[in-house]
Amino acid sequence: MGYRALADLTVLLHLGFIGFVVFGVVLVARWPRLLPVHLVCAAWGAYTEFTSTVCPLTPLENYFRHLAGEAGYQGGFIAHYLWPLIYPAGLTPAIQVGLGIGVVALNAAGYAFLWRRWRRARLESTAPSPGQQPP
């Protein structure tokens with residue numbers, strides 16, 4: 001596999017990771033065992049936004065691009081690939097904090113919904129059936 005293909009694969013992996021950070025709670029609803037993995041990924045995603053940290057996948061992609069004879073880029077994945085798709089202006093630290101707050105809020109709302117659903121299911125499974133005497 002060529003270095004350009006590895007760089008492109010890294011971009012897809014990065015995009016998939018961001019999708020998992022933002023929408024992973026939907027997968028956790030279906031597969032609850034993903035809960036710890038998603039919480040770690042969501043925490044990392046929020047941390048990178050709050051601190052303007054560059055995700056390790058960005059330098060990895062740039063490394064593969066350099067090996068392929070292409071130019072890398074400055075900044076992070078979101079600023080380079082996603083932000084131009086959404087807004088023509090540059091990504092500012094204040095906007096990154098807003099994105100981090102959005103990640104936390106979206107996941108908190110999703111997990112609050114799941115917690116209520118799991119709690120209701122647990123209470124229903126332990127409730128006595130109609131006509132059944134409690135132990």
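The values are calculated or read from the model by the stated rules, or taken from the named source; none is laboratory data. What you see is a predicted model; the values in this text were computed from it and never measured. Note that each Cβ is placed from the backbone with ideal geometry, even for glycine, and that neighbours are counted across all protein chains shown.
Tabulated results
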read-out: Any hit, region 25-40, residues being in contact with a helix residue (DSSP H, G or I) (Cβ under 7 Å, 6 or more places away or on another chain) and more than 20 Å from W118 (Cβ to Cβ); value: no
read-out: In region 103-128, residue modelled with the highest pLDDT [restricted to those that are over 24 Å from L27 (Cβ atoms) and not aliphatic (A, V, I, L, M)]; value: T126
